[in-house]
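Peer 1: The following block contains the structure, expressed as structure tokens.
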Amino acid sequence: MEPSELLSQARSRSTDPADPLETLSAAITLGEELSRDTDALLDLAVRDARAAGASWTAIGERFGFSKQAARKRFSPPFAGRHLANRRKKRDAACSFCRQTPGPRSHMVHGEAGRICGACVSLASDIVADLAKRR
Ligand SMILES: [Zn+2]
């Protein structure tokens, strides 16, 4: 569609077509809608290309960017490696305080979960207090 046609469309949506600023507001909204439509169009076309067996390299070439950029832009968010890493990290976290393992927080692994050093220490204090009360 020609830009002049789009401007006419924005003008027809404007709350006051005689006011250029109202037309500008309508044009901004229209532009955002077109941009969302463009994104949806490209998502569908990429999905079809992937379903037909096209590689991320080939898809990236068509856009003029790298395989990594193509995959990052168009992969479904839940299939992302980033999320898989986060899930992996969460699964390795302390079952009590959710602290993730690191150089300064060691984990004791059990049958059904993990406990970090800080929680072992806290649990030990609690057990010692309970023992003193008896
Ligand atoms: Zn903990």
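Peer 1: If you go through segment 19-34 one residue at a time, do you hit one that is under 20 Å from the mean Cα position of the chain (by Cα) and not polar (S, T, N, Q)? Lay out the reasoning, then the answer.
Peer 2: Restricting attention to segment 19-34, the residues satisfying the condition of being under 20 Å from the mean Cα position of the chain (by Cα) are none.
No, segment 19-34 contains no residue that is under 20 Å from the mean Cα position of the chain (by Cα) and not polar (S, T, N, Q).
Peer 1: Restricting segment 83-108 to residues that are more than 30 Å from residue 72 (Cβ to Cβ) and open to solvent by less than 100 Å² (accessible area, probe 1.4 Å), which is farthest from the ligand (Cβ to nearest atom)?
Peer 2: First, the residues of segment 83-108 that are more than 30 Å from residue 72 (Cβ to Cβ): 94-97, 104-108.
If we keep only those that are open to solvent by less than 100 Å² (accessible area, probe 1.4 Å) too, we end up with 94-95, 97, 105, 107-108.
Values: 94: 3, 95: 8, 97: 3, 105: 8, 107: 8, 108: 10 Å.
Going through the qualifying residues, I end up with 108.
Peer 1: Which of the residues belonging to segment 109-130 are within 11 Å of the ligand (Cβ to nearest atom) and open to solvent by 90 Å² or more (accessible area, probe 1.4 Å)? Steps first, answer last, please.
Peer 2: In the first step, residues of segment 109-130 are kept if they are within 11 Å of the ligand (Cβ to nearest atom); the result is 113-123.
Selection gives 122 alone.
Peer 1: Separate question: Where the second residue is at pLDDT below 85 and open to solvent by less than 60 Å² (accessible area, probe 1.4 Å) and the first is assigned by TED's automatic domain parsing to the domain that holds residue 8 and lies in segment 25-47, which pairs have Cβ atoms under 6 Å and are six or more apart or on separate chains?
Peer 2: Every condition considered, the pairs that remain are 46/74.
Peer 1: Cβ contacts < 9 Å: first residue closer than 17 Å to residue 89 by Cβ, restricted to segment 100-128; second residue open to solvent by less than 40 Å² (accessible area, probe 1.4 Å) and more than 11 Å from the ligand (Cβ to nearest atom), any location; separation 6+ or different chain. Result?
Peer 2: Hits for this filter: 100/92; 101/92; 107/92; 114/92.
The values are calculated or read from the model by the stated rules, or taken from the named source; none is laboratory data. It should be emphasised that the depicted structure is a prediction, and the values quoted were computed from it without experimental measurement. Cβ atoms come from the backbone with ideal geometry, glycine included; neighbour counts cover every protein chain shown. Protein only, heavy atoms only, side chains kept; ligands, DNA and RNA dropped before computing areas. Shrake-Rupley method; radii C 1.70, N 1.55, O 1.52, S 1.80 Å.
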